[in-house]
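The values are calculated or read from the model by the stated rules, or taken from the named source; none is laboratory data. All figures in this text were calculated on a predicted structure; none of them were measured in a lab. Note that each Cβ is placed from the backbone with ideal geometry, even for glycine, and that neighbours are counted across all protein chains shown.
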Amino acid sequence: MRTSSLLILVTVFSLLATRMPALAENTVTAPSEQESQEKNECLLAGKHCGYSVVSIQDKIDLLNEEIAKGRAVYSLKELKKLQQKLDDVEKSLDLLLDDN
């Protein structure tokens, strides 16, 4: 069990590292009204992500915000995909915080 948890963590961090440049700045700007009603292609499909670094908690918050937009912005299939991503990030966080 311990080895599989470590393998999952290494995999998650490897995937995150390949999507982020090593010395990127964390630039967060408030979305405009139009942007808040658009799909977040970075979270949904890994497109148009730019060079921002996002913490695990920030990613959880972003996913929750996107899911809250609901069917007005996303299809049911896309919402399920976002929910699965949220579940995966939360499991990763739980593994990081687990003391076993």
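Quick notes on this structure:
- Among the residues making up the range 55-82, those that are more than 10 Å from Leu44 (Cβ to Cβ), charged (D, E, K, R) and surrounded by 15 or more Cβ atoms within 10 Å (Cβ to Cβ) are Lys59, Lys69.
- Residue in the range 76-91 that is among the β-branched types (Val, Ile, Thr), in contact with a helix residue (DSSP H, G or I) (Cβ under 9 Å, 6 or more places away or on another chain) and at pLDDT 80 or above present: yes
- When Lys69 is tested against (1) of a type in the set (Lys, Arg); (2) modelled with pLDDT of 95 or more; (3) part of a loop (DSSP other than H, G, I, E, B), just one condition goes unmet, and that condition is (3).
- Looking across the range 17-58, the residues that are of a type in the set (A, V, I, L, M, F, W, C) and modelled with pLDDT under 50 come down to Ala17, Met20, Ala22, Leu23, Ala24, Val28, Ala30.
- Beta carbons closer than 7 Å, at least 6 apart along the sequence or on distinct chains, pair a first residue in the range 74-87 that is of a type in the set (S, T, N, Q) with a second that is in a helix (DSSP H, G or I) for Gln83/Ile67.
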